[in-house]
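Quick notes on the structure that follows.
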Amino acid sequence: MERPNWAPGDIDLERPSVARVYDYLLGGAHNFAADREVAQKTLEMMPEVRTGALQHRAFLRRAVRYLLGRGVRQFLDLGSGIPTVGNVHEIAQAVDPATRVVYVDLDPVAVAHSRSLLDGNPRVSVLQADVRDPAAVLASPEVNDLLDFDRPIAVLMIALLHFVPDDDDPLGILAGYRDRLAPGSFLALSHAGFEADEETPEIRAARRVYERGVTRTTLRNSAEFTKLFHGFDLVEPGVARLPTWHPEAQDDDGAAHSRFPGFGAVGRKA
């Protein structure tokens, strides 16, 4: 296929990526045919996957607004993905233009677009790095030149940790970030998952298609998700299904929300 002018030259156009599949599900335009093919096959098995992606993005917006209301003015967005409407810096700097944001992602398309979008914004930086290596991320000039670790920082991992298997030690990864944070800092996580009795044949089929085409997933239940907040005190309402965490408006879909296959929560470091 012809390489779009926005695609870095070393990108393999035939290999789907997590960031670009997610971009497609969110309605973005920075994805390739290989990404769209996997996404469409997954959607055929489970159309709710697109709603799930939108709910993770909506949780990000609500969490950022909540954190701004708690006085946070520094954000470290890990696994930030490809820029779409409603990025962290757009939400945060609309409230306080002095807010500082560092985006971190491994996908070169996500990084290239973030850099082009943010060129000229001195309070935002972009780092291409593997978020599973907190020592490298936290030692980078992109992080240290912008964020003050003597003051509270909000670490965001939205729709990220279900791509980190237990073998990669997600608790150890989180500890690497947590231990550098000042008291009063926050951790916001969203994660695909459900309780043990909720996995349907449709979910299993959709997972098989996605994992064959993109990457392995580790869907955790609410108890496993809660353990990720070790060292943080959960803020109200604690661990919740994504649509029910500080919803912006009440609706009549409570039964469906109570079964939504994903959790969200925010924790504060004492």
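The values are calculated or read from the model by the stated rules, or taken from the named source; none is laboratory data. The structure displayed is predicted, hence computed values, not measured ones. All Cβ positions, glycine included, derive from the backbone under ideal geometry; neighbour counts span all protein chains shown.
Checked against the criterion of being at pLDDT below 90, within 26 Å of N144 (Cβ to Cβ) and assigned to a loop (DSSP other than H, G, I, E, B), the candidates P83, P97 yield just one match: P83.
Determine, yes or no, whether G9 is over 12 Å from the mean Cα position of the chain (by Cα), at pLDDT below 85 and assigned to a loop (DSSP other than H, G, I, E, B). In short, yes.
Among residues of the stretch 183-205 that are more than 15 Å from G52 (Cβ to Cβ), those with a beta-carbon under 7 Å from a residue that is loosely packed, with under 14 Cβ neighbours inside 10 Å at least six positions away or on a different chain give the pairs P183/A270. Number of residues in the stretch 182-219 that are under 19 Å from the mean Cα position of the chain (by Cα) and modelled with pLDDT of 95 or more: the value is 7. Go through D179, D169 for me and flag whichever is charged (D, E, K, R) and either over 20 Å from the mean Cα position of the chain (by Cα) or at pLDDT below 90 (or both). The unique qualifying residue is D179. Under the condition of being under 20 Å from L127 (Cα atoms), among the small types (G, A, S) and outside any helix (DSSP H, G or I), the residues counted in the stretch 143-183 number 2.
Being polar (S, T, N, Q) and either within 10 Å of the chain's Cα centre (by Cα) or closer than 25 Å to Y210 by Cβ (or both) is the filter here, so list the residues in the stretch 53-90 that pass it.
Within the stretch 53-90, Q55, S80, T84, N87 meet the criteria.
Of the residues R115, R62, the single one that is at pLDDT 90 or above, touching a strand residue (DSSP E or B) at 6+ places or on another chain (Cβ under 9 Å) and part of a helix (DSSP H, G or I) is R62. Of all residues in the stretch 85-101, one or more are more than 27 Å from G28 (Cβ to Cβ) and of a type outside the set (D, E, K, R). Just to be sure I understand, how many residues within the stretch 221-243 are loosely packed, with under 15 Cβ neighbours inside 10 Å and of a type in the set (V, I, T)? Residues that pass the stated criteria total 0.
Looking at the structure I just gave you, is A223 more than 18 Å from the chain's Cα centre (by Cα) and in contact (Cβ under 8 Å) with a residue 40 or more places away in the chain? Considered against the rule, which asks whether it is more than 18 Å from the chain's Cα centre (by Cα) and in contact (Cβ under 8 Å) with a residue 40 or more places away in the chain, A223 comes out as no.
For the stretch 186-216, the tally of residues that are touching a strand residue (DSSP E or B) at 6+ places or on another chain (Cβ under 7 Å) and either among the acidic types (D, E) or part of a loop (DSSP other than H, G, I, E, B) (or both) stands at 1. Determine, yes or no, whether V109 is in a helix (DSSP H, G or I), within 19 Å of the chain's Cα centre (by Cα) and not hydroxyl-bearing (S, T, Y). Yes, satisfied. Do we have P237 as outside any strand (DSSP E or B) and in contact (Cβ under 8 Å) with a residue 12 or more places away in the chain here? Considered against the rule, which asks whether it is outside any strand (DSSP E or B) and in contact (Cβ under 8 Å) with a residue 12 or more places away in the chain, P237 comes out as no.
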